[in-house]
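The values are calculated or read from the model by the stated rules, or taken from the named source; none is laboratory data. Everything numeric in this text was worked out from a predicted model, so none of it was measured. FYI the Cβ positions are ideal-geometry reconstructions off the backbone, even for glycines, and counts take in every protein chain you see.
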């Protein structure tokens, strides 16, 4: 599936404007020049700039050639790719809806394992990579970045 760059640019521009509007209500930290809105603001500003470039590029390409706004790709006719796409979307929905109850580690293993199996990775390799990747990601966020990820059904290990 191929979308014109102007379509993606418009979507990303809307996202960046939403982020910039949202961070306007973030509180200021007394005595500090940089508050909680600094990093999201810089990221959203860069995204807005890149979005404008995408829109210009997409409109130029559309004026040069009669390319459609949306074109169905070859992969949409292949069942294996459609299954992998559905597993990806389903895994994201699983995380959003169930990670608080189930926990990050269990949800991550299920998500990564099922995606790798949908992509026809061998079962042993899929399980090893899913478990190892999830634990590394959890450790990096929980210990390194101090992001409190949900434990769910697992007891707090450390």
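Residues of region 41-58 include none that is more than 30 Å from residue 153 (Cα to Cα), modelled with pLDDT under 85 and outside the structural domain of residue 134 (by TED's automatic domain parsing).
One residue stands out among those in region 65-85 that are part of a loop (DSSP other than H, G, I, E, B) and free of Cβ contacts under 8 Å to residues at least 24 places away in the same chain: the one that is farthest from residue 17 (Cα to Cα), which is 78. For region 71-121, enumerate the residues that are over 30 Å from residue 7 (Cβ atoms) and exposed (fewer than 11 other Cβ atoms within 10 Å of the Cβ). Result: 120, single match. Please verify whether residue 62 is assigned to a helix (DSSP H, G or I) and closer than 27 Å to residue 5 by Cα, treating the condition exactly as stated. So residue 62 passes the test.
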